[in-house]
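Only one structure is covered here, and it is reproduced in the block below.
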């Protein structure tokens, strides 16, 4: 990919998007105005299942902070990531290599029009695919937990398997 963006461009904050009053009330309007990052909760909930240590997760979260459009992959410099994470550039490079080896990230080299090296572009489609694979399992666990909570809320309630309707005798007895 040929581009002429300078490395300073990767430190530009994400575009400001109107947020709900709830977000501003929770975090403070000034904080929200500096930008926010949409990350699926499943990434946080599935950290252990995906095999991410805390620093690998932090690197992924930083990459996600630069990823605003599906078609425009993030391209922060190792220097920017290192500063944000209090790591050396070499450590960032190692963690990204680990994420790449796990199939969650793919580095794509970028060069300027004159052939000079620019920061890499990072393809997170491996992470997206892994989360999509885990989603049914986590959804099922969430639905089971929800049913268990409802059972506790209503004494005598026992959740039925999905798709089963009570017979007339059961519903008549229950309604009496």
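The values are calculated or read from the model by the stated rules, or taken from the named source; none is laboratory data. Given the structure is predicted, the values throughout are model-derived calculations rather than measurements. Note that we place each Cβ from the backbone using ideal geometry, even for glycine, and neighbour counts take in every protein chain shown.
Among residues of the range 26-42 that are at positive phi, those with a Cβ under 8 angstrom from a residue that is exposed (fewer than 11 other Cβ atoms within 10 Å of the Cβ) and at pLDDT below 90, sequence gap 6+ or separate chain, pair up as 35/13; 35/15. Summed over the range 25-52, residues that are assigned to a helix (DSSP H, G or I) and closer than 24 Å to residue 101 by Cβ total 8.
The residues of the range 29-52 that are more than 11 Å from the chain's Cα centre (by Cα) and surrounded by 12 or more Cβ atoms within 10 Å (Cβ to Cβ), listed by number, are 31, 32, 33, 35, 36, 49, 50, 51, 52. Just name the residue that is farthest from residue 94 (Cα to Cα) out of those in the range 53-74 that are in contact (Cβ under 8 Å) with a residue 12 or more places away in the chain and assigned to a loop (DSSP other than H, G, I, E, B). Looking at the filtered set, the residue picked out is 68.
Scanning the range 63-87 for residues that are touching a helix residue (DSSP H, G or I) at 6+ places or on another chain (Cβ under 9 Å) and farther than 18 Å from residue 118 by Cβ yields 64, 65, 84, 85, 87. Are any residues in the range 92-110 out of contact with any helix residue (DSSP H, G or I) (no Cβ under 7 Å at 6 or more places or on another chain) and free of Cβ contacts under 8 Å to residues at least 24 places away in the same chain, and if so, which ones? Once the filter is applied, which keeps residues that are out of contact with any helix residue (DSSP H, G or I) (no Cβ under 7 Å at 6 or more places or on another chain) and free of Cβ contacts under 8 Å to residues at least 24 places away in the same chain, the range 92-110 yields 94, 97, 100, 101, 109.
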